[in-house]
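See structure below.
What follows is calculated from the coordinates using simple rules that are stated; it is not laboratory data. Owing to the predicted nature of the structure, the values given are computational and were not obtained by experimental measurement. All Cβ positions, even for glycine, are placed from backbone atoms using ideal geometry, and neighbour counts span all protein chains on display.
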Amino acid sequence: MAYSEKLIDHYENPRNIGSLDKGAEDVGTGLVGAPACGDVMKLQIKVGADGLIEDAKFKTFGCGSAIASSSLVTEWVKGKTIDEAETIKNTDIAKHLALPPVKIHCSVLAEDAIKAAIADYRAKASKKDEPQAAE
Amino acid sequence: MDHFARLGLPAALDIEAATLDRTYFAAQRQWHPDRFVGRPPEERAKASTEAAALNDAYRILKNPLSRAVYFAELNGVELPGDGKTIDDPELLMEAMEAREALHETVTPEAVDALAARARQDMEQALAGLGTLFLRSDKAAIRKALLRLRYLDKFDEEARAKRMNLQRVKA
């Protein structure tokens, strides 16, 4: 099977591998898995005071397409607002990397990971803004 | 017909390997193509369909994990298929930490130690399934099977890593 140059580049030189402080208030963490293939993906975003994503990191144990998909997403979300980052679709990822049809599910995992990271960040932010409101 | 019935066995989580082998080989003899030489095409087609179905049944029931997943399906517990994701933090954190630990190993002995622990966890989780089925606790069955999937994947990755380490050494 022939993989695209972009996919191979992200696989061989993955961007933004690593971790951010999970406990920090300005960090959102998304942890998702695809049990059918045993992949697990962690994607984290750090949101600045201006509301822009200033850093993103990932750690993925899975196939090359899953690694490339998460690497690409961390690159894409930097400098975006969380609302913008939330609009990233798995189809955009799959198209950019020219994922073969059997690997489309890897881009689904990356979309779900960024959505989960944003949800986690928002949950933290709302707790901080209204400490008593939830009770 | 479900895979258990096809092999003439009651649907159950635990099956003796010897019993499974015996019933499979007996059934396979019955539908062996050699016995249908010179028979009408419909009969030969049926024999080959039956033989293929028997092979599927045997393959799925032989492995304790795929058997448990199949038995769970028969009992109305569906696991996420291809392209479906989960976000159970506890389960995924365990899987992530295990894979990180494996990633950091540098000796075959260290890989073996991690793999041995994972297999022990698998055996324990498989042994615990029976109780969950007795209680018909579908959520717990589902979670246990998902965890088993990740442990199984870990075992596979540990084998691959071990082979790589040995290749480097050689």
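Longer than 24 Å from Cα to Cα, which of A:Lys78/B:Lys161; A:Lys78/B:Lys84; A:Lys46/B:Lys153; B:Lys62/B:Lys84; B:Lys62/B:Lys153 are they? Say none if no pair is.
Listed pairs above 24 Å: A:Lys78/B:Lys161; A:Lys78/B:Lys84; A:Lys46/B:Lys153; B:Lys62/B:Lys84.
If R₀ is 22 angstrom, what is the calculated FRET efficiency for the pair A:Lys6 and A:Thr87, using the beta carbon separation as r and rounding to 0.05?
Once the sixth-power term is evaluated, E becomes 0.60.
In chain B, which longest range has no GluC sites (Glu not before Pro) that are both DSSP loop (not H, G, I, E or B) and surrounded by at most 12 other Cβ atoms within 10 Å?
B:79-170
Across the range B:111-127, in residue order, what do the Karplus-derived ³J(HN,Hα) couplings come to in whole Hz, using 6.51 cos²θ - 1.76 cosθ + 1.60 with θ = phi - 60° and x for Gly and Pro?
4, 4, 5, 5, 5, 5, 5, 5, 5, 5, 4, 5, 4, 4, 5, 5, 5
Grab the alpha carbons of the range A:3-135, take their convex hull, and tell me the volume per residue in Å³.
Looking at the range A:3-135, the number lands at 104 Å³ per residue.
Work out from phi, with θ = phi - 60° and the Karplus expression 6.51 cos²θ - 1.76 cosθ + 1.60, the ³J(HN,Hα) of each residue of the range B:18-25, listed in order in whole Hz, and give x for Gly and Pro.
Coupling constants for the range B:18-25: 5, 5, 4, 4, 4, 5, 5, 5 Hz.
From the helices alone, meaning DSSP H stretches of at least four residues, give me the mean residue ellipticity at 222 nm for chain B, per-run term -39500 (n - 2.57), in deg cm²/dmol to the nearest 500.
-25000 deg cm²/dmol
Select from chain A the helices, each a whole stretch of DSSP H, whose alpha-carbon atoms run 30 Å or more along the helix axis and whose Kyte-Doolittle mean is at least -1.0; answer none if there are none.
A:104-129
I'd like the distance separating the alpha-carbon centroids of the range A:63-119 and the range A:1-62, in whole Å.
9
Which pairs in the list A:Lys57/B:Lys169; A:Lys124/B:Lys138; A:Lys59/A:Lys103; A:Lys128/B:Lys143 are over 28 Å apart, alpha-carbon to alpha-carbon?
Exceeds cut-off: A:Lys57/B:Lys169; A:Lys124/B:Lys138; A:Lys128/B:Lys143.
Taking the alpha-carbon set of the range B:3-62, what are its Rg and Dmax in Å?
12.5, 40
Express in % the proportion of alpha carbon pairs of the protein assembly as shown at distances exceeding 36 Å.
So the pairs more than 36 Å apart make up 33 percent of the total in the protein assembly as shown.
When a/c is below 1.5 the answer is rounded, else prolate if a/b is larger than b/c, else oblate, so apply that to the range B:89-169 with a ≥ b ≥ c taken from the square roots of the Cα gyration tensor eigenvalues.
prolate
Ranked by Cβ crowding within 10 angstrom, fewest neighbours first, how are B:Lys46, A:Lys124 ordered?
Starting with the residue having the fewest Cβ neighbours, the order is B:Lys46, A:Lys124.
Could you list log10 I(q)/I(0) for the range B:1-158 at q = 0.16 Å⁻¹, which the Debye formula gives when each Cα is one point scatterer?
-0.96
Which of rounded, prolate, oblate describes the range A:40-102, given a ≥ b ≥ c as roots of the alpha-carbon gyration tensor eigenvalues and a/c under 1.5 marking rounded, otherwise prolate only if a/b is larger than b/c?
oblate
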